[in-house]
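Undergrad: Structure in C-alpha cells, see below.
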2 protein chains.
Amino acid sequence: MTDDNRVRGLWCATLTPVGPDGSLDEARMAGHARDLLAKGVEGVAPFGTTGEGPSFSVTERRSGLEALLRGGIAPRQIVVGTGCASLTDTLALTRHALENGVARCLVLPPFFYKNLSDDAVYALYATLVDRVADSRLRLYVYHIPQFSSVGIWPDTLRRLADAYPQVVAGVKDSAGDWTNTARLLDRVPHLDVLVGHEPDLPKLMRGGGAGTICGIANVYPDIVRALLARDVAAADEARMAQFLAVLARFPFLPAFKAIKAAQSGDAAWNALRPPWLDLADSARTDLVASLRGAGFDVG
Amino acid sequence: MTDDNRVRGLWCATLTPVGPDGSLDEARMAGHARDLLAKGVEGVAPFGTTGEGPSFSVTERRSGLEALLRGGIAPRQIVVGTGCASLTDTLALTRHALENGVARCLVLPPFFYKNLSDDAVYALYATLVDRVADSRLRLYVYHIPQFSSVGIWPDTLRRLADAYPQVVAGVKDSAGDWTNTARLLDRVPHLDVLVGHEPDLPKLMRGGGAGTICGIANVYPDIVRALLARDVAAADEARMAQFLAVLARFPFLPAFKAIKAAQSGDAAWNALRPPWLDLADSARTDLVASLRGAGFDVG
C-alpha cells in the first residue's frame, strides 16, 4: 500500500443515533460525524460494532452512508463497515461504498457459523475481493472474535495481503490481545494495523502501527489522542485506565450512548436498537455521577 | 395453542442447493422439498442453520420461499426461518411469510452481540411480535446458542408465551442439552417443543414433546422417523448413533450436502456458500465409503 488511502491516527467507530421507534436518525448521524471531525478526529467508521452495524439492514446502511456524504463528510474521511452475516449483503454494501467514492471498507467475516478453518476465512475474503473486482477497494479486515466468533489470524491475513496486494490495506484488531497485535506488526508491517483496545495504543505506535478505530472517540477523543503521541505521558495512560474502570461497570454500548446524551443534552441519544436495551435510569445516573466525580466531561 | 398450525412429528431443516456461483437454485430447492414430502416428512423448514439461512440475503430468502410455494409446497407444510442479525430484516422476512400465507416462522435472535440479558432477549422477541402485529403469526423460537450465542432459556420463553399466548407457538431446541429440553417440557408444556438433536427424540416424545426439525431428515428421514415411534426399538437408536459416529468426523453441513449429492447422483449438491468450504474430494470419498460400509444408502 503506497497510496494515500491510509487509515492512520485517530478514527472513531461512530455511534448510530436512532429515533424512539428504532429508525436511523440520518441528520443526527451526520451531525455527530461533523462534530467529531471538528474535534480533530481524522475520520469516522460508521456501522462497526459500536455503530450497531449488524443491527441495521442493507437498505438502512446504504442510506446512512449516503447521509454522511450528503452531510459534508468526505469519502476520504470514511471507512465504512460493510461486513454482514451473508456475503451477498457484504458484497452489496461494499459495491455501494465504492459507487459512492468510499474506497475503505471495514469488513467483518460472516459471523453465524463458528469454528471456521483458516482456509475458509481466506476463501471468504478472497471471494469477496474477486466478486467486487474493483481495484479501488481498500479492504480493512475486522478481527473481533469475541463478537464475530471468527478470527482472522496474522498468517491468514498475510496470505490474503500477498494474494491481493493492491486491495488489502489493513486490519482492525479489536480482540484486545496484545500477543496477536504484536504478531500482526511482525507479519503484515506494510498494512495499516489498527487497534480497538485503546490502552494498547502506545505499544502499537512504538511498534509501527497505524492508529485506532475506536468507540471511546465518540465521547472522549482527546483522551484517546493523547495515547497516539510520540511520548505518551503516564498521566494520559492513567486517565484512560480511569475511564475504562468506570465503563467496565456498564454495558459498553448503552454507556457510550448515555455519555453522549449527557454531553450533548440530547436525551434522544440514549436509544438503542434491539438486541440492546437502553440503560436503566438508575444506571445512567450512576454512570454520569461516577464520571463527573472522576472529572470527566459529562455536559 | 389450540389451532391446527402445529409443528409435530418429523420436519426437515432443508438444505439449500446453490449453483457453482453460489446463487440459490430455486428449482432444485423446490424439488428437494417435494421429494422429502413424498418420503413422508411432515413439512420443511427452509433457511435454518442446515439451510445456510444466515448466508442468504433477505431478497434471496424471499425468493426461496416463493419458489417453494410455486413448486407446490403448501403453506401448512412450511415453517420458515426468518431470524437475521438485524431485526429490520427479521421483520421484513416475517411479514413476507405472512403475506404469502406462511404463518409459522422459526426465529433466531439477532446473533452478533453476545451476553444478552434475559430481559434483552424477551424484549427483542416482544418487539418483533408487536411490530409484526398480525395474530396469524405462529412464532417458533430458535434456541441454538452454539451458533447464535444467544440462548432463549425456558423461563424467558414462558414469559414470552404468557405475554403473547396467541402467537408464541413453540421452540426448536437445538442446543443438544437434555437438561434444557426437559425444563422446556416443564415450563412450556402447551407449546410445541421440538429438538434438533435427534438422539433426544425418544425421551422428548415420552415427555410430551412435539417432534423434530432436523438436518438428518434431508438424507435419512426413515432413521429419524423411527425415533418418533411410541415404542422405539433399541436397534433404531443404535442406527442413529452409528450414523452420528460417522458424521462427527466431518463438518456437518458439507457432509449433508455430499450425502445428498451421492444419493441423488447430482454432484451439484456439493456446493456451499461462504463461509463454508465444499468438502475435499478425499473427505467425500471417505464419507461415502464409511457410510456405505455401515450399510447406509448413498446411492
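Undergrad: Read through the list (1) touching a residue at least 60 places away in the same chain (Cβ under 8 Å); (2) buried (at least 17 other Cβ atoms within 10 Å of the Cβ), then give the number of the only condition that B:Glu60 fails.
TA: Only one criterion in (1) touching a residue at least 60 places away in the same chain (Cβ under 8 Å); (2) buried (at least 17 other Cβ atoms within 10 Å of the Cβ) is unmet by B:Glu60, namely (1).
Undergrad: Quick one: which residue in A:Ala67, A:Ala103, A:Ala123, A:Ala85 is in contact with an Asp or Glu (Cβ under 8 Å, 6 or more places away or on another chain) and aliphatic (A, V, I, L, M)? If you could, list the steps in order and put the result at the bottom.
TA: Values: A:Ala103 fails: in contact with an Asp or Glu (Cβ under 8 Å, 6 or more places away or on another chain); A:Ala123 fails: in contact with an Asp or Glu (Cβ under 8 Å, 6 or more places away or on another chain); A:Ala85 fails: in contact with an Asp or Glu (Cβ under 8 Å, 6 or more places away or on another chain).
Sole residue among the options that is in contact with an Asp or Glu (Cβ under 8 Å, 6 or more places away or on another chain) and aliphatic (A, V, I, L, M): A:Ala67.
Undergrad: Looking at segment A:269-291, is at least one residue of a type in the set (Phe, Trp, Tyr), assigned to a helix (DSSP H, G or I) and under 21 Å from A:Ala13 (Cα atoms)? Walk me through how you get there before you give the answer.
TA: So the first thing to find is which residues in segment A:269-291 are of a type in the set (Phe, Trp, Tyr), and the list is A:269, A:276.
Then keep just the ones that are assigned to a helix (DSSP H, G or I); that gives A:269.
Cutting the leftovers down to under 21 Å from A:Ala13 (Cα atoms) gives us A:269.
There is at least one residue in segment A:269-291 that is of a type in the set (Phe, Trp, Tyr), assigned to a helix (DSSP H, G or I) and under 21 Å from A:Ala13 (Cα atoms).
Undergrad: While we're here: What single numbered condition from (1) in contact (Cβ under 8 Å) with a residue 24 or more places away in the chain; (2) over 25 Å from B:Val102 (Cβ atoms); (3) of a type outside the set (Gly, Ala, Ser); (4) surrounded by fewer than 22 Cβ atoms within 10 Å (Cβ to Cβ) fails to hold for B:Thr181?
TA: Answer for B:Thr181: the failing condition is (4).
Undergrad: Just to check your reading of the model, which residue among A:Ala30, A:Ala74, A:Ala103, A:Ala85 is surrounded by fewer than 23 Cβ atoms within 10 Å (Cβ to Cβ), more than 23 Å from A:Asp192 (Cβ to Cβ), assigned by TED's automatic domain parsing to the domain that holds A:Asp173 and hydrophobic (A, V, I, L, M, F, W, C)?
TA: Values: A:Ala74 fails: more than 23 Å from A:Asp192 (Cβ to Cβ); A:Ala103 fails: more than 23 Å from A:Asp192 (Cβ to Cβ); A:Ala85 fails: surrounded by fewer than 23 Cβ atoms within 10 Å (Cβ to Cβ).
After applying the criteria, what remains is A:Ala30.
Results for (1) touching a helix residue (DSSP H, G or I) at 6+ places or on another chain (Cβ under 9 Å); (2) touching a residue at least 12 places away in the same chain (Cβ under 8 Å); (3) outside any helix (DSSP H, G or I); (4) assigned by TED's automatic domain parsing to the domain that holds B:Val44, shown as yes or no for each residue.
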position	(1), (2), (3), (4)
B:His190	yes, yes, yes, yes
B:Met205	yes, yes, no, yes
B:Met240	yes, yes, no, no
B:Pro254	yes, yes, no, no
B:Phe296	yes, yes, yes, no
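Undergrad: Might you let me know whether segment B:219-226 holds any residue that is closer than 16 Å to B:Gly48 by Cβ and not in a helix (DSSP H, G or I)?
TA: Yes, there is a match, as at least one residue in segment B:219-226 is closer than 16 Å to B:Gly48 by Cβ and not in a helix (DSSP H, G or I).
One line per residue, one yes/no per condition, for (1) at pLDDT below 95; (2) away from every other protein chain (no Cβ under 14 Å); (3) closer than 19 Å to B:Thr212 by Cα:
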residue: B:Arg34; (1), (2), (3): no, yes, yes
residue: B:Ala45; (1), (2), (3): no, yes, yes
residue: B:Thr50; (1), (2), (3): no, no, yes
residue: B:Phe56; (1), (2), (3): no, no, no
residue: B:Gly72; (1), (2), (3): no, yes, no
residue: B:Ile78; (1), (2), (3): no, yes, yes
residue: B:Leu91; (1), (2), (3): no, no, no
residue: B:Gly101; (1), (2), (3): no, yes, no
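Undergrad: Kindly provide the set of residues from segment B:138-159 that are away from chain A (no Cβ under 14 Å) and either among the polar types (S, T, N, Q) or over 19 Å from B:Trp11 (Cα atoms) (or both), ordered by number.
TA: The answer is B:Trp153, B:Pro154, B:Asp155, B:Leu157, B:Arg158, B:Arg159.
Undergrad: What's the number of the only condition in (1) free of Cβ contacts under 8 Å to residues at least 60 places away in the same chain; (2) assigned to a helix (DSSP H, G or I); (3) more than 10 Å from chain A (Cβ to nearest Cβ) that B:Leu128 fails to meet?
TA: Failed condition: (3).
The values are calculated or read from the model by the stated rules, or taken from the named source; none is laboratory data. The structure displayed is predicted, hence computed values, not measured ones. All Cβ positions, even for glycine, are placed from backbone atoms using ideal geometry, and neighbour counts span all protein chains on display.
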